[in-house]
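Enquirer: Got a structure for you, questions after.
The values are calculated or read from the model by the stated rules, or taken from the named source; none is laboratory data. Not measured: the values here are computed from a predicted model. Virtual Cβ from ideal backbone geometry, glycine too; neighbours counted across all protein chains shown.
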Amino acid sequence: MGVVCTNINAIMSPHFLKTGKEISLQILYQMPQMNHSIGIGQCRRNEYSAAILIVFNIFQFSHSHFSFQSPESYLTIESQNRCEILTEFGLLTQSKLTNKKGNNVALPLIDSNNLIEKLMDRKKTNPHQNQYLSMYSSWLGGITTEAPLMVLPLDDHMVHRGDGVFEAMIVRNGWAFLLKEHLKRLAVSASKIGISCPWSETELQEIISETYRITRQSDCFVRIFLSRGPGTFSVNPYDSIGPQLHVICTRYSPYPADKYLSGVTLGRSAIPAKEPWFAQIKSCNYLHNVLMKKESIDQGFDFMVAFDSQGHLTESATENIVILDNKRRLIRPELDFILKGTTMMRMLELARQVLQKRNQIGEPTDFGYTQVLQGSLREVDITSAHEVFLIGTTLNVLPVTRFQKKKIGDGMPGPVGKFLGRLLEEDILRGESSIML
Ligand SMILES: Cc1ncc(COP(=O)(O)O)c(C=O)c1O
């Protein structure tokens, strides 16, 4: 064993080989410089404990963070299920795969020699990867256009704890719509959870621009992820070695056009609304939102809306809600309970601007709404509304025509929604609120 332990960079893997009634443990010792493994130890079933001792001995030298300190402590694990112990310590993948004879088959060892091939192979099983155009990764220090390589380290807190913040925006004709607003919200979200962004706004813009330009598309979605970064698998954010940035461009696919003509259905969510403090942060902890989407599909609604414990209307899974009430006032919910949607805020600003212009020249307003307000809305405000809209980056202004299967207004998309949708679309294409990438 002394020879084995001298090279602490060596990779070792125990393999259980089952032949008939005999089970033997083979320890494979792999030198990083060599492309093959050398078997260094083998024992039969009744020699299990000795084999486990060997494995732990080797690992103690190669992985200093292993907590087993003395051979005596290894002996105490003899009576437990050894396979389980090995699995728990990552020394063995507990394979459920069996060969034709019903014997367990060891899972293949993945290393730097076959990783790329394995990743590229995933493209066959994940058709969504065809939508992924490019990704910048601070972790890898560059941009890739190969979807299977768009991966993250599992020990990044964003992956195993949702500890990160993100933004999603659209690029149309090369214009990044509301880019400044998205970056501002990213900064606010990050600062609320104590992630300090090492990239300046100019640097972020440059990275986004380069990641987009390599796609050679005029339209696409851009998502920006700022994570706490890799660390241990613990919950402690201070274990992280530093924030990481990932920017991903995916194909632009607008929401189906016929839904704007028919309107969509909305249901009442049973998922508790986010606490106000969390609702205002666009963190990667989106379990609540995911469950709302799942709920809508399971129950046959297009979207769901959540109400808080006091009955206040909040928002949909990834969309804001605005109503045109029976006094023809455009009203959005108070910002304390929701994510401050960039699209909703811009759309209401445009709505207010056109109203003001008409008022200034003393002409009557024939837009179908008379005021733009915020208010504390409840379920009755939806059922009694003239029109209801869902608003967000991926939707623009989408009319809601049914709530809990009952008609809103006359059950058809109304003129105000169409007008607001046009205002927003023109704004996007004019590029007034956008940055050219
Ligand atoms: C919870 C939630 N509310 C509202 C929105 C709409 O925000 P925006 O218009 O900035 O896309 C989103 C968008 O991602 C969201 O996730």
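Enquirer: Among residues belonging to segment 148-189 that are over 18 Å from Gly341 (Cβ atoms) and part of a helix (DSSP H, G or I), point out the one that is nearest to the ligand (Cβ to nearest atom).
Expert: Ranking the candidates gives Met158 first.
Enquirer: Residues that are more than 20 Å from Thr265 (Cα to Cα) and not small (Gly, Ala, Ser), at least 3 per element: which strands (runs of 3 or more DSSP E) completely within segment 348-437 meet that?
Expert: In segment 348-437, the matching strands (runs of 3 or more DSSP E) lie at 371-375.
Enquirer: In segment 376-392, which residue that is among the small types (Gly, Ala, Ser) and crowded, with 17+ Cβ neighbours inside 10 Å is farthest from the ligand (Cβ to nearest atom)?
Expert: As a first pass, look at segment 376-392 and keep what is among the small types (Gly, Ala, Ser): 376, 384-385, 392.
Then keep just the ones that are crowded, with 17+ Cβ neighbours inside 10 Å; that gives 385, 392.
Working: Ala385: 19, Gly392: 4 Å.
The qualifying residue farthest from the ligand (Cβ to nearest atom) is Ala385.
Enquirer: Continuing with this model, one more query. Would you confirm whether any residue within segment 187-197 is under 20 Å from the mean Cα position of the chain (by Cα) and either among the acidic types (Asp, Glu) or under 25 Å from Asn126 (Cα atoms) (or both)?
Expert: As a first pass, look at segment 187-197 and keep what is under 20 Å from the mean Cα position of the chain (by Cα): 187-197.
Filter once more, keeping what is either among the acidic types (Asp, Glu) or under 25 Å from Asn126 (Cα atoms) (or both): none.
No; the residues of segment 187-197 include none that is under 20 Å from the mean Cα position of the chain (by Cα) and either among the acidic types (Asp, Glu) or under 25 Å from Asn126 (Cα atoms) (or both).
Enquirer: Return the only residue of Ser253, Ser316, Ser269, Ser262 being buried (at least 16 other Cβ atoms within 10 Å of the Cβ), more than 11 Å from the ligand (Cβ to nearest atom) and of a type in the set (S, T, N, Q). Walk me through how you get there before you give the answer.
Expert: Details: Ser253 fails: buried (at least 16 other Cβ atoms within 10 Å of the Cβ); Ser316 fails: more than 11 Å from the ligand (Cβ to nearest atom); Ser262 fails: buried (at least 16 other Cβ atoms within 10 Å of the Cβ).
The unique qualifying residue is Ser269.
Enquirer: In addition: Can you go through Tyr286, Tyr255 and tell me which one is touching a Gly at 6+ places or on another chain (Cβ under 8 Å) and among the aromatic types (Phe, Trp, Tyr)? Steps first, answer last, please.
Expert: Working: Tyr255 fails: touching a Gly at 6+ places or on another chain (Cβ under 8 Å).
After ruling out the rest, the residue left standing is Tyr286.
Enquirer: Identify the single condition in (1) within 16 Å of the ligand (Cβ to nearest atom); (2) touching a helix residue (DSSP H, G or I) at 6+ places or on another chain (Cβ under 9 Å) that Ser196 does not satisfy, given that it satisfies every other one.
Expert: Just one mismatch for Ser196, condition (1).
Enquirer: Go through (1) farther than 30 Å from Met304 by Cβ; (2) assigned to a loop (DSSP other than H, G, I, E, B) one by one and return the number of the condition Thr202 breaks.
Expert: (2)
Enquirer: Could you go through segment 323-333 and let me know if any residue there is under 23 Å from Asp219 (Cβ atoms) and modelled with pLDDT of 95 or more. Outline the logic, then answer.
Expert: Residues of segment 323-333 that are under 23 Å from Asp219 (Cβ atoms), as a first pass: none.
The answer is no, given that none of the residues of segment 323-333 is under 23 Å from Asp219 (Cβ atoms) and modelled with pLDDT of 95 or more.
Enquirer: Among the residues of segment 298-307, is any crowded, with 22+ Cβ neighbours inside 10 Å, more than 14 Å from Phe403 (Cβ to Cβ), touching a strand residue (DSSP E or B) at 6+ places or on another chain (Cβ under 7 Å) and among the hydrophobic types (A, V, I, L, M, F, W, C)?
Expert: No, segment 298-307 has no match at all.
Enquirer: Right, something else. Could you name every one of the strands (runs of 3 or more DSSP E) located completely within segment 272-346 that has at least 3 residues being over 26 Å from Phe225 (Cβ atoms)?
Expert: Working: elements: 303-305, 320-324, 329-333.
Those strands (runs of 3 or more DSSP E) span 320-324, 329-333.
Enquirer: Right, here's the next one. Go through segment 223-237 and give me each residue that's buried (at least 21 other Cβ atoms within 10 Å of the Cβ) and among the hydroxyl-bearing types (Ser, Thr, Tyr).
Expert: If the condition is that a residue be buried (at least 21 other Cβ atoms within 10 Å of the Cβ) and among the hydroxyl-bearing types (Ser, Thr, Tyr), then Ser227 is the only one that fits.
Enquirer: Restrict the check to segment 361-372 and report whether at least one residue is surrounded by fewer than 21 Cβ atoms within 10 Å (Cβ to Cβ), without any contact (Cβ under 8 Å) to a residue 40 or more places away in the chain and of a type in the set (A, V, I, L, M).
Expert: So in segment 361-372, the residues surrounded by fewer than 21 Cβ atoms within 10 Å (Cβ to Cβ) come out as 361-368, 370-372.
Now restrict to residues that are without any contact (Cβ under 8 Å) to a residue 40 or more places away in the chain: 361-366.
Still in the list and also of a type in the set (A, V, I, L, M): 361.
So far as segment 361-372 goes, yes, one or more of its residues are surrounded by fewer than 21 Cβ atoms within 10 Å (Cβ to Cβ), without any contact (Cβ under 8 Å) to a residue 40 or more places away in the chain and of a type in the set (A, V, I, L, M).
Enquirer: Could I ask something else about it? Of these, Leu395, Leu373, Leu423, which one is touching a strand residue (DSSP E or B) at 6+ places or on another chain (Cβ under 6 Å) and either within 16 Å of the ligand (Cβ to nearest atom) or modelled with pLDDT of 95 or more (or both)?
Expert: The conditions single out Leu373.
Enquirer: Sort out which residues of segment 327-360 are free of Cβ contacts under 8 Å to residues at least 24 places away in the same chain and within 16 Å of the ligand (Cβ to nearest atom), and write them in order of number. Outline the logic, then answer.
Expert: So in segment 327-360, the residues free of Cβ contacts under 8 Å to residues at least 24 places away in the same chain come out as 349, 352-353, 355-360.
Glu349 - this is the single residue of segment 327-360 that is free of Cβ contacts under 8 Å to residues at least 24 places away in the same chain and within 16 Å of the ligand (Cβ to nearest atom).
Enquirer: Looking only at segment 278-297, how many residues end up being farther than 17 Å from Phe403 by Cα and more than 14 Å from the ligand (Cβ to nearest atom)?
Expert: The total comes to 1.
Enquirer: Taking only segment 111-141 into account, find how many residues are at negative phi, without any contact (Cβ under 8 Å) to a residue 40 or more places away in the chain and not in a helix (DSSP H, G or I).
Expert: Counting residues in segment 111-141 that are at negative phi, without any contact (Cβ under 8 Å) to a residue 40 or more places away in the chain and not in a helix (DSSP H, G or I) gives 4.
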